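Input: a single structure, listed below in structure tokens.
Just so it is clear, none of the values below were taken in a lab; they were calculated from the coordinates. Note that the structure is predicted; figures quoted are calculated from it, not measured. Here the Cβ positions follow ideal geometry from the backbone for every residue, glycine too, while neighbour counts run over all protein chains shown.
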Amino acid sequence: MDRCIVLVDAGYLLGAAASLLAGEPSRSRITVDHAALIQGLRERAESDTERPLLRIYWFDGAPDRVPQPEHRRLRVMPRVTVRLGALTRSDGRWAQKGVDAAMHAELTELARNRACSDIVLVTGDGDLLPGMMAAKEHGVAVHLWAVQAADGDYNQSEDLVAEADERRVLDRTWITKAVRAKELGGVCAPPPAPRPEIAAILSAPLPDSALAPAPERPADEGEHAPAAVSENGTQERVPAPKGVPTPKDLAALRAPGVQPAPQPANATLRWSSDKGWVDRPAAEPPEAASMPTLAQLTTAEQRWADREEDITTVGGDPYEVGQVFSRRWMERLGDQSHLQKLSGMYPRIPHRIDGELLRYAARFGLLAHKDDQIDEHDRYAIRAGFWREIDVRTEAEHAPAGE
């Protein structure tokens, strides 16, 4: 077949680009315009091979093989297929598992089935040498592309370079059309829209009680917290009084047999929100338990349609994820009195709905996989997006008919 296929090892391409532009192979040091990068790969492949492009295969690693936001954007682009291997953490470093094997299998299968006349490999791993040799034996021309090395030397296997039919270098000029180093201030992709709700949350002042200086303790107390005697006669330390106790403090105070230390009369837990700090009620109001979850409101047909929308439309931005979840919940809500009750609970989302919201967000790769938790800033953004949709809906319902 007179057409070309491109196989991209994303770890090599973006790692080498980071080394070239930022001085180290960490992909967090660069910003990538994936649409421009794919377009550049397509144009360069068709120019070098003089064949029309059949497809670009993008091989990358992901924690638990869960697609990250960049993978979600890539896999809905025309002529792009994403293949994910595992991404594991060892000795504080991330390592790809299964990516090389997947590339080798794809390379040999395409050549065996004569799916193309030319294959472009963007990789540096010598483990692909047997696959390259097999492809050549099936009559496929193999083009090997390298990213310009920061030190001017090779960043590919020497055996791989020697076996390739054609060799090209993606130089700095070509790379910078789609990739920028973050330190340089150049942003390739459009900057995200400003989120005043999130900025207000993060800049909200602390309660006065939290800012007040801690009372001085007698010198003979030293650095030790007050102790209490438990049922078995042993002494247990109790956290020193604070203006605003943390959940950890309260858990310690509830330990069996521990006599709580006196707390200031004005001590309270508070919720941060875009309206400042508000007192947290001791428990959820009874009506929170009666609010249906999105899963309870969603039919099997809607669940299928939601999945399709998630794959093809939702980009994975935390704020956007919160908006999508909130919109679906409100649209399927039969009893609109629940919406008014929820608005009155602001900024607290009932536990059942909040947990479902965060689980939904986790599908978009928003987990910090070192501890399987969503980043605090992302949680603010997810919930801000949720409440923004609630505000828009309630404001529209209360607006005068003529407006």
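Things worth noting here:
- Centre separation in Å (Cα based) which lies between segment 29-85 and segment 297-337: 27
- Fully extending the segment from Arg93 to Arg79 would add 1.8 nm, taking 0.36 nm per residue of separation and subtracting the current Cα-Cα distance.
- Packing-based order for 123-129, 12-18, 285-291, using average beta carbon neighbours within 10 Å, highest first: 12-18, 123-129, 285-291
- Label positions at His351 and Asp171, each projected 7 Å from the Cα along the C-beta direction, are separated by 6.3 nm.
- Cβ-derived FRET efficiency at R0 22 Å, Lys182 paired with Ala36, nearest 0.05: 0.85
- Three-way shape call for segment 8-70 based on the alpha-carbon gyration tensor, with the a/c threshold at 1.5: oblate
- Sparse-neighbourhood loop sites, GluC sites (Glu not before Pro) in segment 295-391 - DSSP loop, at most 12 other Cβ within 10 angstrom: none
- Zone of Arg3's modelled label, taken as backbone nitrogen in segment 46-65 under 18 Å from a point 7 Å along Cα→Cβ: 46-58
- GluC sites (Glu not before Pro) within segment 7-92, DSSP loop, no more than 11 other Cβ atoms inside 10 Å: Glu50
- Cα gyration tensor, segment 51-187 - rounded (a/c under 1.5), prolate or oblate: rounded
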